[in-house]
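What follows is a single structure, written as structure tokens, with notes after it.
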Amino acid sequence: MSVALFAEQLLNGVQFGLMLFLMAAGLTLVFGVMGLINLAHGSLYMIGAFVCAAAAAAFGSFWLGLIAGLAAAAAAGALIELTVIRRLYDRDHLDQVLATFALILILSEGVRMIFGPFPLYLSVPDLLRGTVDLGITRYSLYRLALIGIGIAVAIGLWLLIAKTRLGIQIRAGESDREMIAALGVNIRWLYTVVFALGAALAGMAGALVGAIQSVQVGMGEPVLILAFVVIVIGGIGSIKGAMVGALLVGVIDTMGRFLLPRIFAAFLDPAQAMGVGAALASMLIYLLMALVLILRPRGLFPAHG
Amino acid sequence: MTYAKRVAVGLAALAFGAQGALAQDVTVGMITTLSGGGAGLGVDVRDGFQLALRKAGNENLRLVVEDDAQRPELAVQIAERMIQSERAQILTGIIWSNLAMAVVPSTVAQGVFYISPNAGPSALAGANCHQDYFNAAWQNDMLHEAAGQHANELGYENAFIMAPNYPAGTDALTGFKRFFEGELAGELYTQVGQTDYAAEIAQIRASGADSIFIFLPGGMGISFMRQYEQSGVDLPIISAGFSFDQDVLPAMGSAALGVINTSQWSPDLDNEANVAFVEAFREEYGRIPSLYASQGFDTANLILSAMDAADISDRDAFREALKAADFDSVRGEFRFADNHHPIQTVYVREVVEKDGELTNEIIGTAFEEHQDVYGDDCSM
Amino acid sequence: MAEMRREWIVNAVLAMALLIVPLVALWINEPFYVTLATRVAILALAGVGLNLALGLGGMVSFGHAAYFGLGGYVAGIMAHHAFTGLPMWIGVTGSNQMLWIWLWAALLSGFLALIIGALSLRTSGIFFIMITLAFAQMIFYFTLSWPAYGGEDGLPIFVRNQFPGLNTMRPWDMFILSYGVLMLALVFFAMLRAARFGAALMAIRQNPDRAAAVGISPFGVKLAAFVLSGMITGLAGAMMADLTRFVSPAMIAWQMSGELIVIIILGGVGRLFGPVAGAAILVAFEVIFGGITEHWQFFLGLILLGVVLFARGGLIGLLAGRARHG
């Protein structure tokens, strides 16, 4: 195994982690501010990807598609918040799980009714095709761009929360819900905005990843479950935790898939080692999560409240 | 009559634009995947099947279609309903091997014919073969074996092979290795439903391989090809037709161009039945038929040919008529081996762009009169 | 009190209906509806298990499919070894006797619930939901990629396992067996709810601090309930495997966990007969709408959403009034 291969895998892990962060950030924000658990977050990811693919095909531009996908996910998020989610804030987690589970069924079948049963085409923009030489290894330019976008969004999110008026309201909402009402903030409006923001992040992740994956119904749920693992590891409600958790999950999952079969190959025959290694690699992040919870039941960065 | 039943009959009547149920009707129950991520395949099998019925205009065949949502337990339940309530004498339609394994053994044990338009798990071709089970498509390994065979002819000596870590995946790699004579630069099992292949592509890059064999059906193949295209790795890819057919090609786009794949059928296959089929399918549904549509079409014609030759109440005669396979298959020559799986030619195709659409074109032949290896374990 | 009586009437009607529907079906020679009623009974049994943890204990487990699937695999694997004659481990052979299989299904599911419960109950609320889900996913991926028992292809049971005095291949025999087990489980549930254990469990759900103050150990009581819950759901899994004559990782998929919760909600959380009503609604919906439109899941979602938002007591709450259980 060469250094170049190891470095490339590390980059892959980071890239995967940053895309998970886009998903996890929205989930954890919504939980932190509204105390809501949203299973339908994966559906917003799917909507982002589908609308991006359809718009990119219609306008012939990936970037217009990306904007459309982001806007559509945000709009769908706002709509869902206004019609359904806002009735759930005072309910227990069970009702929230159920209602958002119902939303998954509705949105998945709804998307299939509109776009049909076949996967859609979405391609990497011309600007970002091909590879670049990083010295130790060649790397896909698009994936490198995803890393850049992921970092930029993370910084933007931090600035938004730390420096803007909206951010102050969000932080106030996380620590004391009654207080911000007393401060004269329109809570209903704040909740809708936060939810739409989370939806936009999910839609953005869906559109970005859709260019190098299959845009199909049901694409959101596997990512959703990983995003849950991320926020449980990081501490639910904590953006910083989501970042750390996402990078941990991304890197460990990628490295596990890469290294475990090789480790088993040392003492099993190759075909068997591949099977066992792959099986164990697929369980690795859940084992990581169990370990974190045994040591720190509220995650690595417990949010207060 | 129950509500569900009335609806099913209504659908069946709609399906072939004919009303009424005659006493000598043959009822065919189609259990297939019409919802969820794998729906495209089931839709094509159904559409191909219904097209054949419409062309034949045989009003004695009643078709009942239901969606299994790719869930084995639901498929079993639907099979029970079709046998017990609809009194179906023939079942068909299942796309996935795991659903077939759940449904087929108990179906044939109840004295109902099962004719597979797609899945061909090895168990049903070998030790668990059954006189009332026919496979009108292929045994699972067949197209992969052809890919291994053709890789030899292309002079590949060091192949990197990869499939999802589930039985159809291990079968694919086993099938490829059965005929491939070169070395393996690497062998990888990925997760079922995996969407990111960066880690695998990096290993392919580092492996020093001269070619890649993959089996990644549906969304997995789309994801892999898009990422492969952006990776800068430029090794030739060979695969079985499942990963590069009309259901996924539009979504793969230019990434798929030039990929060599093996199949018993291709839209440009030049025989009378196929030319008519492709034209009728395009006219009816506005898209190029897929491998799966061709299999649905053939399955229907196989059943219709048996109905012409024998009465289904005489089970032995009807079985003989099915075995004879006296119909014009869109794949050309077609006959059943003793284990009721096809003996057929497997072609080599290349993904090309024709009139702005991605499709496959035949460039050669991997096997003539090819038969699966499991027949020896079958007692028939 | 009137509402209590009304709930008992509803329960009696449900119990009778579940018995009469298959009888009528048998009489008019539609054996499929017997099988369907069996499916309702077994899903309801799995729901009774979850209801113990979720309804009485307030533990929202989003991973009960793990026990359901484990029970299924116990039945599948034991039957597989009985069929092939190969020993499972050194000296241990398979079996095709349901009672023996059920024992193991319940014991192993209980053991799994003990491990998962002991880890998960260190947390609460949303963490608990997510952790139970993640553990189930872990087991799901394990069965998916472990090749020995079929992996994703699943494992067929060619001949149904046997029960003394019954021919389990006959739809009616299989039904009455499932119905009997369901009724026993309901009696057990009712007794447990009325016993000190049930009172302690509900006290903990309503106010853990006060319960701890009067000397109840919340962790111990909840864990015991969680293990019992897993055992019942595991037993249901073993029976479902025999009904469909097939086990596969799909039994452990997260959608299955969701479906089990849906069953409880549609029927009414914590209600004795809630799982029975919920399972009946779900199966009926699947059969009726599945025949009409391939988009039936869309409408299932709408109805589910409606129930959660506007009819929180579920069907039994609707029929028997909003009397809160315990």
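The values are calculated or read from the model by the stated rules, or taken from the named source; none is laboratory data. Note that the coordinates shown come from a computational prediction; the quantities given were computed from them, not determined experimentally. Every residue, glycine as well, gets a Cβ built from its backbone with ideal geometry; the counts of neighbours run over all protein chains shown.
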### Task
Mind telling me which of the residues C:Ser124, C:Ser120 ends up being under 28 Å from A:Pro222 (Cβ atoms), surrounded by fewer than 21 Cβ atoms within 10 Å (Cβ to Cβ), more than 7 Å from every other protein chain (Cβ to nearest Cβ) and polar (S, T, N, Q)?
C:Ser124
#### Entry: B:Ser254 being part of a helix (DSSP H, G or I), of a type outside the set (A, V, I, L, M) and at the interface with chain A (Cβ under 10 Å from one of its Cβ atoms)
yes
### Summary
Of the residues in the range B:191-206, those that are within 7 Å of another protein chain (Cβ to nearest Cβ) and outside any helix (DSSP H, G or I) come to B:Gln191, B:Val192, B:Gly193, B:Thr195, B:Asp196
### Query
Taking helices (runs of 4 or more DSSP H) that fall entirely within the range C:201-316, which contain at least 2 residues that are out of contact with any Lys or Arg (no Cβ under 9 Å at 6 or more places or on another chain), aliphatic (A, V, I, L, M) and touching a residue at least 12 places away in the same chain (Cβ under 8 Å)?
C:218-244, C:254-267, C:274-292, C:296-310
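Which of the following residues is of a type outside the set (D, E, K, R), without any contact (Cβ under 8 Å) to a residue 24 or more places away in the chain and outside any loop (DSSP other than H, G, I, E, B): B:Thr170, B:Thr174?
Just a single option satisfies the conditions, and that option is B:Thr170.
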### Query
Is at least one residue of the range A:250-266 outside any loop (DSSP other than H, G, I, E, B), modelled with pLDDT of 90 or more and over 30 Å from B:Ser207 (Cβ atoms)?
no
### Message
Against the definition (touching a residue at least 12 places away in the same chain (Cβ under 8 Å), in contact with an Asp or Glu (Cβ under 8 Å, 6 or more places away or on another chain), more than 22 Å from A:Ser282 (Cβ to Cβ) and crowded, with 23+ Cβ neighbours inside 10 Å), how does A:Gly241 come out, yes or no?
### Response
no
### C:Ala66 touching a residue at least 60 places away in the same chain (Cβ under 8 Å), surrounded by 22 or more Cβ atoms within 10 Å (Cβ to Cβ) and of a type outside the set (Phe, Trp, Tyr)
yes
### Message
Of the residues A:Ala211, A:Ala207, only one is within 14 Å of chain B (Cβ to nearest Cβ), under 14 Å from the mean Cα position of the chain (by Cα) and more than 28 Å from A:Leu287 (Cα to Cα); which?
### Response
A:Ala207
### Members of the range B:54-83 found to be more than 8 Å from every other protein chain (Cβ to nearest Cβ) and within 19 Å of the chain's Cα centre (by Cα), listed by number
B:Val65, B:Asp68, B:Gln70, B:Ala75
### Subset of the range A:133-147 (residues that are over 24 Å from the mean Cα position of the chain (by Cα) and either more than 19 Å from B:Ala255 (Cβ to Cβ) or among the polar types (S, T, N, Q) (or both))
A:Asp133, A:Leu134, A:Gly135, A:Ile136, A:Thr137
### Among residues of the range A:282-304, those that are crowded, with 18+ Cβ neighbours inside 10 Å and more than 9 Å from chain C (Cβ to nearest Cβ), counted
5
### Task
State whether the residues of the range C:133-143 include one that is surrounded by fewer than 21 Cβ atoms within 10 Å (Cβ to Cβ), more than 9 Å from every other protein chain (Cβ to nearest Cβ) and not aliphatic (A, V, I, L, M).
no
### Message
Could you go through the range B:178-190 and let me know if any residue there is more than 10 Å from chain C (Cβ to nearest Cβ) and closer than 30 Å to B:Thr299 by Cα.
### Response
yes
### Message
If I ask for residues that are surrounded by fewer than 23 Cβ atoms within 10 Å (Cβ to Cβ) and at positive phi, which ones from the range C:277-322 would you list?
### Response
C:Gly321
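One line per residue, one yes/no per condition, for (1) closer than 30 Å to A:Gln15 by Cα; (2) free of Cβ contacts under 8 Å to residues at least 24 places away in the same chain; (3) surrounded by fewer than 23 Cβ atoms within 10 Å (Cβ to Cβ):
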| position | (1), (2), (3) |
| --- | --- |
| B:Ser211 | yes, no, yes |
| B:Leu216 | yes, no, no |
| B:Arg226 | yes, no, no |
| B:Ile238 | yes, no, no |
| B:Asp247 | yes, no, no |
| B:Gly258 | yes, no, yes |
| B:Thr262 | no, no, no |
| B:Asp270 | no, yes, yes |
| B:Tyr285 | no, no, yes |
### Summary
Of the residues in the range B:335-364, those that are without any contact (Cβ under 8 Å) to a residue 40 or more places away in the chain and within 19 Å of the chain's Cα centre (by Cα) number 3
### Task
Please state which of the following conditions B:Gly155 fails to meet, knowing it meets all the rest: (1) surrounded by fewer than 24 Cβ atoms within 10 Å (Cβ to Cβ); (2) in contact (Cβ under 8 Å) with a residue 24 or more places away in the chain; (3) assigned to a loop (DSSP other than H, G, I, E, B).
(2)
### Message
I want to confirm something. Restricting to the range A:89-121 and keeping residues that are closer than 21 Å to C:Gly270 by Cβ and of a type in the set (D, E, K, R), which single residue is farthest from the other protein chains (Cβ to nearest Cβ)?
### Response
A:Asp90
### Message
Among (1) at pLDDT 65 or above; (2) more than 27 Å from C:Asp153 (Cβ to Cβ); (3) surrounded by 23 or more Cβ atoms within 10 Å (Cβ to Cβ), there is one condition B:Asn60 misses while meeting the rest; what is its number?
### Response
(3)
### Summary
From the option list C:Ser217, C:Ser229, single residue qualifying as in contact with a Ser or Thr (Cβ under 8 Å, 6 or more places away or on another chain) and away from chain B (no Cβ under 13 Å) is C:Ser229
### Summary
Among B:Asn98, B:Asn128, the single one that is surrounded by fewer than 24 Cβ atoms within 10 Å (Cβ to Cβ) and at pLDDT below 90 is B:Asn128
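Residue by residue through the range B:325-350, note down the ones that are assigned to a strand (DSSP E or B) and out of contact with any strand residue (DSSP E or B) (no Cβ under 6 Å at 6 or more places or on another chain).
Scanning the range B:325-350 gives B:Phe336, B:Pro342, B:Gln344.
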### Query
Restricted to the range B:364-380, and to residues that are hydrophobic (A, V, I, L, M, F, W, C) and in contact with a strand residue (DSSP E or B) (Cβ under 9 Å, 6 or more places away or on another chain), which residue is surrounded by the fewest Cβ atoms within 10 Å (Cβ to Cβ)?
B:Phe367
